[in-house]
Amino acid sequence: QVQLVESGGGLVQPGGSLRLSCAASGNIFSFNIMGWYRQAPGKQRELVASITSDGRKNYADSVKGRFTMSRDNGKNTVYLQMNSLKPEDTAAYHCNLVVNSLSYWGQGTQVTVSS
């Protein structure tokens with residue numbers, strides 16, 4: 001059984017920063033892909049960023065240069081550093097883990113960017 005626990009969301013003003021964390025526990029094998037997705041009201045869930053266990057990263061065009069994803073394999077934790085936040089970044093952010101062709105999701109954490 002795999003569990004993902006996210007933290008770090010909140011309310012921030014435009015231009016501000018937040019850091020999200022996602023800790024994974026359970027049957028985590030050596031190779032996996034972890035990602036952050038977001039879903040705003042009335043919109044489809046979209047990939048924000050992903051990182052493989054060997055450090056390869058992928059970002060959505062809308063966040064390139066502003067968001068940075070990293071991981072600590074020893075802690076089975078990934079982070080999403082979000083800078084220069086915009087109102088359009090407002091969404092529920094969900095952590096995802098893909099391992100052995102199985103996909104797991106966290107409960108989500110809300111990020112609201114508003115003045």
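Given a 1.4 angstrom probe, what's the average accessible area per residue across the chain, in square angstrom? Each step should come with its number before you reach the end.
Values: 6130 Å² over 115 residues.
Roughly 53 Å² per residue, with all protein chains present.
For Val5, Val78, Val98, what's the largest-to-smallest order of accessible area, 1.4 Å probe?
On the way: Val5 90, Val78 0, Val98 55 Å².
From most accessible down to least: Val5, Val98, Val78.
If r is the Cβ-Cβ distance from Ser17 to Asn58 and R0 is 30 Å, what FRET efficiency results, to the nearest 0.05?
On the way: r = 21 Å, r/R0 = 0.71.
The value I calculate is 0.90.
Setting aside same-chain residues fewer than 8 positions from Lys64, which lysines have a Cα under 23 Å from its Cα?
Result set, ordered by chain and number: Lys43, Lys86.
Remind me, relative contact order of segment 30-115 in percent, using alpha carbon pairs under 8 angstrom and six or more residues apart?
29 percent
If exposed trypsin sites (Lys or Arg not before Pro) are those in a DSSP loop with at most 12 other Cβ within 10 Å, what is the longest stretch of the chain that has none?
Working: sites that count: Lys43, Arg56, Lys64, Lys75.
Longest gap between qualifying sites, sites excluded: 1-42.
With a 1.4 Å probe and all protein chains kept in place, how do Thr90, Thr68 rank by accessible area, largest first? Don't skip to the answer; put the middle values down first.
Values: Thr90 35, Thr68 70 Å².
From most accessible down to least: Thr68, Thr90.
Once ligands and nucleic acids are excluded and a 1.4 Å probe is used, how much of Ser53 is accessible, expressed in Å² to the nearest 10?
That residue has around 20 Å² of solvent-accessible surface.
What distance in nm separates the two pseudo spin-label positions at Ala40 and Ser115, each 7 Å out from Cα along the beta-carbon direction?
Between Ala40 and Ser115, the label points sit 1.7 nm apart.
Just to be sure I follow the definition: excluding the sites themselves, where is the longest run in the chain that has none of the chymotrypsin sites (Phe, Trp or Tyr not before Pro) in a DSSP loop with at most 11 other Cβ atoms within 10 Å?
Values: sites that count: Phe29, Phe31.
The longest such stretch corresponds to 32-115.
First compute the accessible area of the chain with a 1.4 Å probe, then give the percent of it belonging to carbon and sulfur atoms.
Numbers: 2900 of 6130 Å².
C and S fraction of accessible area: 47 percent.
Expressed in nm to one decimal, what extension gain is obtained for the pair Val5 and Gln81 from 0.36 nm per residue of sequence separation less their Cα-Cα distance? Let's see the in-between values first.
Values: separation 76, 0.36 × 76 = 27.36 nm, distance 1.65 nm.
The Val5-Gln81 span can extend by a further 25.7 nm.
The values are calculated or read from the model by the stated rules, or taken from the named source; none is laboratory data. These numbers were taken from a predicted model, which means no experiment stands behind them. Note that we place each Cβ from the backbone using ideal geometry, even for glycine, and neighbour counts take in every protein chain shown. Accessible surface areas use protein heavy atoms only, side chains included; no ligands, DNA or RNA. Shrake-Rupley method; radii C 1.70, N 1.55, O 1.52, S 1.80 Å.
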